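The values are calculated or read from the model by the stated rules, or taken from the named source; none is laboratory data. Small disclaimer: the values here were computed from a predicted structure and weren't measured. Quick reminder, even Gly has a Cβ in these numbers, built from the backbone with ideal geometry, and neighbours come from all protein chains shown.
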There are 2 protein chains.
Amino acid sequence: MARIVPSLSLFSLGLAAAFAVAAEETPAYRTVNEVIAASAPADWRSPDPEHTLYLELPAGRVVIELAPWLAPKHDANIRALVREGYFDGLAILRSQDNYVVQWGDPDADDAAKARPFKTAKARLAGEFTVPWRDDMAFTRIPDDDGYAAVVGVSNGFWVGRDPKSREIWMAHCYGTVGVARGNETDSGNGAQLYVVTGHAPRHLDRNITLVGRVLSGIERLSTMPRGAPPMGFYETAEQRTPIKAMRVAADVPEAERSALEVLRTDTATFADIVEAKRNRRDPWTKLPSGHIELCNVPLPVRAVPTTADQP
Amino acid sequence: MARIVPSLSLFSLGLAAAFAVAAEETPAYRTVNEVIAASAPADWRSPDPEHTLYLELPAGRVVIELAPWLAPKHDANIRALVREGYFDGLAILRSQDNYVVQWGDPDADDAAKARPFKTAKARLAGEFTVPWRDDMAFTRIPDDDGYAAVVGVSNGFWVGRDPKSREIWMAHCYGTVGVARGNETDSGNGAQLYVVTGHAPRHLDRNITLVGRVLSGIERLSTMPRGAPPMGFYETAEQRTPIKAMRVAADVPEAERSALEVLRTDTATFADIVEAKRNRRDPWTKLPSGHIELCNVPLPVRAVPTTADQP
């Protein structure tokens with residue numbers, strides 16, 4: 001008898017449902033995996049290659065989708081940096097357990113050695129929140145949240161909203177990508193980026209600019225050896241994983257792109273997934289939680305099905 | 001100018017405060033690190049060696065503190081298994097990104113090869129919750145939580161409580177240790193254990209028995225290569241990290257024990273830490289969150305200060 005802690009892997013769909021249900025039971029509920037298995041092709045979208053980044057590491061690729069409507073100036077500046085080749089040959093600077101992995105120029109603090117910018121801006125006003133616009137996508141999550149008046153998902157990104165101030169902002173969840181900054185709110189520019197690799201540090205929300213999230217390859221970051229306490233910065237060049245290159249997906253020949261699809265979050269399928277996770281009903285679960293915390297909301301990603309996968 | 005995402009490392013105390021404050025400012029607030037730096041020796045306790053486990057891996061030791069008042073039968077059974085040598089030579093079975101690492105007998109499902117129990121019980125009624133007793137320690141966290149009526153900390157462990165049903169239970173946070181089970185609620189026995197190494201899967205609360213949490217060495221688990229999707233089980237013996245031994249700290253010669261102290265959570269120092277994190281006031285933070293989610297509550301651990309550390 002297998003003893004397990006069941007779960008859903010976001011990066012491994014198209015698999016058999018985790019829990020087999022005998023056909024004669026005709027269950028009134030579906031698991032998250034069953035909802036995904038029954039999704040329609042139209043429930044999925046391809047990320048825009050102009051706003052998708054590839055972080056190329058020796059171990060392979062990390063794919064990042066940007067959310068330009070949530071941080072338009074940083075989206076543009078980061079793509080400018082990437083297209084300058086700014087990141088190529090730089091390094092992973094930091095891995096702090098249960099927190100973040102961060103990358104950029106190891107010599108950023110040494111004016112004589114720091115890599116210069118070409119077209120990108122060195123200072124950008126923080127986009128910690130942006131004004132809500134009625135043309136923005138927003139799918140509300142029904143449960144209360146302590147860090148935001150309202151929480152939900154905007155076209156595939158976890159977000160908070162404040163209806164009074166009419167602001168919206170991306171939330172710090174596992175896999176979100178942010179722009180490190182100094183104490184000044186305009187000291188971030190995208191030349192140092194971080195990915196959340198631990199429990200969601202939601203207290204950082206609205207204090208720093210978030211630009212996107214990892215769609216695949218996060219395990220290449222999350223398993224990196226941790227750096228020196230307390231903040232996990234590596235102390236020697238040998239400890240740092242080199243960055244082979246960062247590229248905008250649109251600049252990569254189509255045959256070399258990662259063929260991924262993201263579940264649309266304005267669909268009935270997504271609503272069913274949220275409800276299936278809010279109230280898990282399967283042979284293992286004894287007490288459905290009746291609640292879902294924002295960062296536990298699944299945002300499924302799959303490899304593009306090939307003809308061979310079609311029934 | 002260093003661009004950072006500031007943080008507190010729980011495993012690296014006794015260090016300079018993350019943010020230097022000029023003496024003339026005489027701040028009305030303190031950071032978490034400053035509160036810890038000002039703590040008294042009486043604010044710290046030594047974990048009970050009879051309820052502390054060492055998971056000895058090739059890369060080093062993982063120290064686990066058990067919470068016997070929250071799962072007494074499992075605490076006893078796991079210590080019986082450890083003292084039988086049950087885990088010695090077994091292996092890490094599973095590492096699933098943003099979820100758990102799990103260990104036990106790779107042949108558990110093969111009756112002919114499975115390692116037998118000697119004195120430990122093969123089936124134990126689940127201790128998903130236990131009855132609240134007025135002699136239990138409980139420090140309430142002031143903020144609302146979607147998964148429990150009341151949340152807080154019981155002598156160093158994150159817990160939920162239901163005043164109506166008078167139940168208390170450990171919550172799934174980063175580093176908590178649980179007892180894998182099959183579909184039957186009495187199918188767990190402690191022979192397969194897991195540690196949360198990702199965002200808190202709180203929907204598992206009250207569905208499975210939690211027994212303790214990792215005090216140090218969690219990075220030895222959290223950086224392990226991920227196993228095969230969807231659940232992260234390793235598929236070959238070569239992929240599995242061997243377990244050299246598991247030991248009860250009390251059975252280890254004192255000179256070989258890990259000298260750790262845990263902050264007492266019934267102290268003013270702990271209350272100050274929670275408040276310092278609920279409302280961060282430092283030169284970096286622009287908008288204190290005014291809220292703390294249970295699994296973001298710090299439970300500081302430190303190496304026992306030696307004479308050389310005394311002022």
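Assorted remarks:
- Consider region A:147-157 and keep the residues that are part of a loop (DSSP other than H, G, I, E, B) and hydrophobic (A, V, I, L, M, F, W, C). The one that is surrounded by the fewest Cβ atoms within 10 Å (Cβ to Cβ) is A:149.
Residues checked against (1) closer than 21 Å to residue B:259 by Cβ; (2) more than 16 Å from the chain's Cα centre (by Cα); (3) crowded, with 23+ Cβ neighbours inside 10 Å:
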{"position": "B:29", "(1), (2), (3)": "no, yes, no"}
{"position": "B:34", "(1), (2), (3)": "no, yes, no"}
{"position": "B:39", "(1), (2), (3)": "yes, yes, no"}
{"position": "B:43", "(1), (2), (3)": "yes, yes, no"}
{"position": "B:46", "(1), (2), (3)": "yes, no, no"}
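- One residue from A:212, A:160, A:217 being surrounded by 24 or more Cβ atoms within 10 Å (Cβ to Cβ) and in contact (Cβ under 8 Å) with a residue 40 or more places away in the chain: A:212
- Qualifying residues in region B:96-108 (those that are in contact (Cβ under 8 Å) with a residue 40 or more places away in the chain and more than 8 Å from chain A (Cβ to nearest Cβ)) - the one nearest to the chain's Cα centre (by Cα): B:101
- Search result, residues across region A:109-146 that are facing chain B (nearest Cβ under 10 Å) and of a type in the set (S, T, N, Q): A:129
- Among the residues of region A:220-241, those that are more than 13 Å from chain B (Cβ to nearest Cβ) and crowded, with 19+ Cβ neighbours inside 10 Å comprise A:234, A:240.
- The lone exception for residue B:75 - which of (1) in a helix (DSSP H, G or I); (2) more than 16 Å from the chain's Cα centre (by Cα) it fails: (2)
- Any hit, region A:244-262, residues being at the interface with chain B (Cβ under 10 Å from one of its Cβ atoms), touching a residue at least 24 places away in the same chain (Cβ under 8 Å), in a helix (DSSP H, G or I) and within 29 Å of residue A:40 (Cα to Cα): no
- Taken over region B:80-95, the criterion of being under 19 Å from the mean Cα position of the chain (by Cα) and either within 14 Å of chain A (Cβ to nearest Cβ) or buried (at least 22 other Cβ atoms within 10 Å of the Cβ) (or both) is satisfied by B:92, B:94, B:95.
- Among the residues of region A:263-311, just one is closer than 21 Å to residue A:148 by Cα, polar (S, T, N, Q) and in a helix (DSSP H, G or I), namely A:296.
- When each of A:144, A:135 is tested for being within 28 Å of residue B:196 (Cβ to Cβ) and without any contact (Cβ under 8 Å) to a residue 40 or more places away in the chain, the lone residue that passes is A:144.
So that you can scan it fast, the table gives a plain yes or no per residue for (1) over 16 Å from the mean Cα position of the chain (by Cα); (2) among the small types (Gly, Ala, Ser); (3) over 18 Å from residue A:78 (Cβ atoms); (4) at pLDDT below 95:
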residue: A:212; (1), (2), (3), (4): no, yes, no, no
residue: A:221; (1), (2), (3), (4): no, no, no, no
residue: A:230; (1), (2), (3), (4): yes, no, yes, yes
residue: A:253; (1), (2), (3), (4): yes, no, yes, no
residue: A:256; (1), (2), (3), (4): yes, no, yes, no
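- The condition (being within 19 Å of residue A:39 (Cβ to Cβ), within 19 Å of the chain's Cα centre (by Cα) and at pLDDT below 95) is satisfied by just one residue among A:304, A:297, A:262: A:304.
- Qualifying position, being surrounded by fewer than 19 Cβ atoms within 10 Å (Cβ to Cβ), over 15 Å from the mean Cα position of the chain (by Cα), part of a loop (DSSP other than H, G, I, E, B) and at pLDDT below 95, among B:111, B:125: B:111
- Counting the residues of region A:253-302 that are closer than 18 Å to residue A:31 by Cα and small (Gly, Ala, Ser) gives 5.
- Close pairs from region A:278-305: first within 7 Å of another protein chain (Cβ to nearest Cβ) and over 17 Å from residue A:160 (Cα atoms), partner assigned to a loop (DSSP other than H, G, I, E, B) and basic (Lys, Arg), Cβ under 6 Å, at least 6 apart: A:287/B:206
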